[in-house]
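Student: The structure follows.
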Amino acid sequence: MRASGLRPGAHADGRLSVAAVGLSILASIAVDEPYVPMRTIAHVLLGLSFCSSFLPLLTLAMPEVPPEDAGIGSAVVNLSLQLSAAVAVAILITTASYRTTTLAATGTPLGDAMIHGDRFAYGLGVAAVVAGVAITVTFLRQRAPGAELAVSTPTIE
């Protein structure tokens, strides 16, 4: 199996950076902003960036997996991506709910508390995506272009 020769994170970090832009738009958008164009743009950016980053992340994980284990390796990587996304959403919802409850308990009107709670969660999401991009760029080792992985080929007798 030939290594792709791509710098690890070459595609994923740029695509995830687009997600940070989408989350930033949602965190800073006015309450009475109509759905079109800004909210639509933010959601399209989020959808495109997360969707298009799954394959590069899978590609980064698979070169070290032997061909005979490619099926299970792919399944583990896909499960990890989906499960981490579900956990991240749960954390953001819990954070937004906690912030909303805290603000409402201090006398902030419920509508304003909900808005500030959601914005806090969006800001936390931006920080998480930026941290993920930084980790991808910093810690994934760089593979030399044209490097090949040792692969055992089954012999048929």
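The values are calculated or read from the model by the stated rules, or taken from the named source; none is laboratory data. On a predicted model such as this, the values are computed, not experimentally measured, just so you know. Here the Cβ is made from the backbone with ideal geometry for all residues, glycine too, and neighbour counts use every protein chain on show.
Student: Only one of Met1, Met62, Met114 is hydrophobic (A, V, I, L, M, F, W, C), modelled with pLDDT under 90 and over 22 Å from Ile135 (Cα atoms); which?
Tutor: Among Met1, Met62, Met114, only Met1 is hydrophobic (A, V, I, L, M, F, W, C), modelled with pLDDT under 90 and over 22 Å from Ile135 (Cα atoms).
Student: Out of Thr108, Thr95, which single residue is more than 12 Å from the chain's Cα centre (by Cα), without any contact (Cβ under 8 Å) to a residue 60 or more places away in the chain and more than 20 Å from Ala20 (Cα to Cα)?
Tutor: Residue meeting the stated conditions: Thr108.
Student: While we're on this one: For region 72-95, what are the residues that are hydroxyl-bearing (Ser, Thr, Tyr) and over 20 Å from Leu124 (Cβ atoms)?
Tutor: Selection gives Ser74, Ser80.
Student: Shifting gears a bit: Regarding Ser49, is this residue modelled with pLDDT under 95 and among the small types (Gly, Ala, Ser)?
Tutor: yes
Student: Return the residues of region 68-122 that are surrounded by 13 or more Cβ atoms within 10 Å (Cβ to Cβ) and not in a helix (DSSP H, G or I); say none if nothing qualifies.
Tutor: Thr108
Student: Look at Ile72 and say whether it is closer than 30 Å to Asp112 by Cβ and among the β-branched types (Val, Ile, Thr).
Tutor: The answer is no for Ile72.
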